[in-house]
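Q: Have a look at this one.
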Amino acid sequence: MSVLVLVLAGPLQSWGSTGRHAFRDTDPHPTKSGVTGMLASALGLPRTDTTGLAELAALTFAVRTDQSGTRMRDFHTTHTPGGKAMPLSDRFYLADALFTAALAGPPALTGRAHQALRNPAHPLFLGRRSCPPARPPVHSLHPDATDPVTVLETLPWQAAPWYQRAHPGHRMTIHHDTHPANPAARLAHDHPIDFSPTARRRHTARPVAVRTLPAQASGRGGPGGPIDFFDALDDLT
């Protein structure tokens, strides 16, 4: 076993697990389906490759909220090339959010995904094609680790320095795969089964538990230091 770690950051993200048609909502954190789709895109898997998708979906998944972002609504209008108006829709996004995801599984698979994310076969996006990542999402590979939750518990807070100063005492939460018998488990309907474009995408439920970490120490400048929001520009360099 080994654990692959990703840092998911961008101006906009959208991780929908329930929205359809005219209402496209977003979950407050990345879905397993969305992150699995990112790995499949990096590896160049065809949408019809249900066997390859099943291998990726079998990875144990956990995601930590480092920077929760702001939920936004976009009243969306589109037209066909001929000028015909399409149905209006409401689409929701997370602005200025950052998450750390970890996936555990066979070293051959996590190692292959690690290399693919550094040189992806297809463009990567954060839940929707209109949401490209602000930086390469691959963070690290832990070849001797077995539990993604343990890795996320020990990995330093990844939020931007300005955010850390603005939110002293922030408590990160981890949403992770768990055993169905866990009394704290709830069902998340985001385990991917089929991404085939000619058929309706299929998902099933997975048991998920939530863990809240201790309050984080403030970033550089200390909790009493001045907050300069132009420091966010440092993330672009």
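The values are calculated or read from the model by the stated rules, or taken from the named source; none is laboratory data. From a predicted model like this one, the values you see are computed outputs, not experimental measurements. Don't worry about glycine lacking a Cβ; one is built from the backbone with ideal geometry, like all the others, and counts go over all protein chains shown.
Q: Consider residue 165 against the criteria (1) more than 16 Å from residue 56 (Cα to Cα); (2) surrounded by 13 or more Cβ atoms within 10 Å (Cβ to Cβ); (3) within 19 Å of the chain's Cα centre (by Cα): it satisfies all of them except one. Which criterion is unmet?
A: With respect to (1) more than 16 Å from residue 56 (Cα to Cα); (2) surrounded by 13 or more Cβ atoms within 10 Å (Cβ to Cβ); (3) within 19 Å of the chain's Cα centre (by Cα), residue 165 is out only on (3).
Q: A follow-up question, please. Residue 129 - would you say it is at pLDDT 95 or above and among the basic types (Lys, Arg)?
A: no
So that you can scan it fast, the table gives a plain yes or no per residue for (1) touching a strand residue (DSSP E or B) at 6+ places or on another chain (Cβ under 6 Å); (2) surrounded by 18 or more Cβ atoms within 10 Å (Cβ to Cβ); (3) free of Cβ contacts under 8 Å to residues at least 24 places away in the same chain:
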{"residue": "117", "(1), (2), (3)": "yes, yes, no"}
{"residue": "122", "(1), (2), (3)": "no, no, no"}
{"residue": "125", "(1), (2), (3)": "no, yes, no"}
{"residue": "140", "(1), (2), (3)": "yes, no, no"}
{"residue": "145", "(1), (2), (3)": "yes, yes, no"}
{"residue": "148", "(1), (2), (3)": "yes, yes, no"}
{"residue": "160", "(1), (2), (3)": "no, yes, no"}
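Q: Of everything in segment 168-190, what is surrounded by 12 or more Cβ atoms within 10 Å (Cβ to Cβ), out of contact with any Pro (no Cβ under 9 Å at 6 or more places or on another chain) and farther than 19 Å from residue 5 by Cα? Give them in sequence order.
A: 170, 189, 190
Q: Still on this structure: Quick check, is residue 109 touching a helix residue (DSSP H, G or I) at 6+ places or on another chain (Cβ under 9 Å), farther than 24 Å from residue 198 by Cα and in a helix (DSSP H, G or I)?
A: Spelling it out, residue 109 is indeed touching a helix residue (DSSP H, G or I) at 6+ places or on another chain (Cβ under 9 Å), farther than 24 Å from residue 198 by Cα and in a helix (DSSP H, G or I).
Each row is one residue, and each column tells you yes or no for (1) in a strand (DSSP E or B); (2) modelled with pLDDT of 95 or more.
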{"residue": "158", "(1), (2)": "no, yes"}
{"residue": "176", "(1), (2)": "yes, yes"}
{"residue": "179", "(1), (2)": "no, yes"}
{"residue": "211", "(1), (2)": "yes, yes"}
{"residue": "230", "(1), (2)": "no, no"}
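Q: A follow-up question, please. Please go through segment 113-136 and give me each residue that is within 20 Å of residue 11 (Cβ to Cβ) and basic (Lys, Arg), ordered by number.
A: Listed by number, the residues that qualify are 128, 129, 135.
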